[in-house]
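Chemist: Below are the structure tokens for one structure; questions will follow.
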Amino acid sequence: MFSDLTVVAIPMCTNFRGVSVREAALFRGPAGWSEFSPFLEYNVDESEPWLAAALEGAYKPWPELMRKTIGINATLPKVEINRVDEMLQRFPGAKTVKIKVDDFESDNYLVEAALDFNPDFKIRLDVNGGWDLETALLNLYNYYLRFGKVFEYIEQPCLEIADLVKLKKEIPMKIAIDESIRKGLNNDFTSAKDFADVAIIKWAPCGGISRANKLIANIGLPAVISSALDTGIGISHGLALAASQNELNFDCGLATTSLFVSDVVSPEIEITAGTIAVKRTEPDEDLINKYSAAPDRKIWWQKRIEQIWDTGFGERWQHE
């Protein structure tokens, strides 16, 4: 079922969402290589959709693809100001940048530095649900007062749906939802337009391409396909998800291997004029050897897969 399972540990070029080394389990099936890489702190229930995505990627062919290349956004983590140009140069030709922020006072320099790098950047602020309503209003008022209409959207400013509903009525920026989707995959999203304008959809956390496309249809908002710090194996499936959309009106967050010291795939995920070509990838033997995880980490990932499988997931998946 998990042929040629290998576990890699890839250093990040900077700490991102608390991750300095990205671990991932790679394996292959009849359809090609796939990836299982829920973050280390995720429990069995949170990790189950990631395993569904991984198995789909290995055992089922991609759907019909509507495009051959995908426009991507740059991603700017919280770094010192003297590293901003270095980070943004990793995304050649990107017209959009997503910036991780905590608050206006601490992080407005990142927006200013990004606009110094490219005055035409479309800016996305990613808050990861870190604000309540009052804090969101204060911060977004200050961002808008300082920078004006440069913001394409604000990603998950609040976690509470009630706060998002009120916020959407008060601010001139669009709101995108990420955690609201990932932490509520089985929720009823028929009222999503009341609190959001854009849906952030990720291949692995949403359970794979088929489930993600059903989710997009259920939510009924324009979708931005993004990654969850996948290796180039997972990114290839995210690119296929993006390429399967009938409409794709936003750049996608699928260039995050640029935040790694190195990827582990061949052919390399290459950004050309702000786009990435859609193609399957395979592990590069030399890179796999270089970034192979310690033996105890491989055992840990094998046990993680077994824990999910033994909950009844394995039987359900085999009968789908």
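The values are calculated or read from the model by the stated rules, or taken from the named source; none is laboratory data. No experiment lies behind these values; they were computed from the predicted model shown. With ideal geometry, Cβ positions are generated from the backbone for all residues, glycine too; neighbour counts draw on all protein chains shown.
Chemist: Do you know which of the residues in the stretch 110-135 that are of a type in the set (Phe, Trp, Tyr) and surrounded by 17 or more Cβ atoms within 10 Å (Cβ to Cβ) is nearest to Leu88 (Cα to Cα)? If you could, list the steps in order and put the result at the bottom.
Modeler: Of the residues in the stretch 110-135, the ones of a type in the set (Phe, Trp, Tyr) are 117, 121, 131.
Filter once more, so that each one left must be surrounded by 17 or more Cβ atoms within 10 Å (Cβ to Cβ): 121, 131.
On the way: Phe121: 11, Trp131: 26 Å.
Among residues in the stretch 110-135 that are of a type in the set (Phe, Trp, Tyr) and surrounded by 17 or more Cβ atoms within 10 Å (Cβ to Cβ), the one nearest to Leu88 (Cα to Cα) is Phe121.
Residue by residue, here is whether (1) of a type outside the set (Ser, Thr, Tyr); (2) closer than 21 Å to Arg90 by Cα; (3) modelled with pLDDT under 95 holds:
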site: Thr190; (1), (2), (3): no, no, yes
site: Ile216; (1), (2), (3): yes, no, no
site: Asp230; (1), (2), (3): yes, yes, no
site: Leu241; (1), (2), (3): yes, no, no
site: Leu254; (1), (2), (3): yes, yes, no
site: Pro283; (1), (2), (3): yes, no, no
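Chemist: Surrounded by fewer than 20 Cβ atoms within 10 Å (Cβ to Cβ), among the charged types (D, E, K, R) and touching a residue at least 24 places away in the same chain (Cβ under 8 Å) - does that describe any residue in the stretch 224-237?
Modeler: No: the stretch 224-237 contains no residue that is surrounded by fewer than 20 Cβ atoms within 10 Å (Cβ to Cβ), among the charged types (D, E, K, R) and touching a residue at least 24 places away in the same chain (Cβ under 8 Å).
Chemist: Based on this model, can you work out whether Gly57 counts as of a type outside the set (A, V, I, L, M, F, W, C), within 24 Å of Ala223 (Cβ to Cβ) and touching a His at 6+ places or on another chain (Cβ under 7 Å)? First the steps, then the outcome.
Modeler: Values: of a type outside the set (A, V, I, L, M, F, W, C): yes; within 24 Å of Ala223 (Cβ to Cβ): yes; touching a His at 6+ places or on another chain (Cβ under 7 Å): yes.
When the stated conditions are applied, Gly57 passes them.
Chemist: Taking the options Arg316, Arg297, name whichever one is over 13 Å from Trp203 (Cβ atoms) and touching a residue at least 60 places away in the same chain (Cβ under 8 Å).
Modeler: Numbers: Arg316 fails: touching a residue at least 60 places away in the same chain (Cβ under 8 Å).
Step by step, each of Arg316, Arg297 is checked, and only Arg297 is over 13 Å from Trp203 (Cβ atoms) and touching a residue at least 60 places away in the same chain (Cβ under 8 Å).
To keep it simple, each residue is scored yes or no on (1) surrounded by 14 or more Cβ atoms within 10 Å (Cβ to Cβ); (2) modelled with pLDDT under 95; (3) of a type in the set (Ser, Thr, Tyr); (4) within 22 Å of Ala212 (Cβ to Cβ).
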{"residue": "Val8", "(1), (2), (3), (4)": "yes, no, no, no"}
{"residue": "Pro11", "(1), (2), (3), (4)": "no, no, no, no"}
{"residue": "Ala24", "(1), (2), (3), (4)": "yes, no, no, yes"}
{"residue": "Arg28", "(1), (2), (3), (4)": "yes, no, no, yes"}
{"residue": "Ser34", "(1), (2), (3), (4)": "yes, no, yes, yes"}
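Chemist: Mind checking which residues of the stretch 64-95 are crowded, with 22+ Cβ neighbours inside 10 Å and of a type in the set (S, T, N, Q)?
Modeler: Once the filter is applied, which keeps residues that are crowded, with 22+ Cβ neighbours inside 10 Å and of a type in the set (S, T, N, Q), the stretch 64-95 yields Asn73, Thr75.
Chemist: If the requirement is being assigned by TED's automatic domain parsing to the domain that holds Asp230 and modelled with pLDDT under 95, which of these qualifies: Lys122, Lys78, Lys95?
Modeler: On the way: Lys122 fails: modelled with pLDDT under 95; Lys95 fails: modelled with pLDDT under 95.
It is Lys78.
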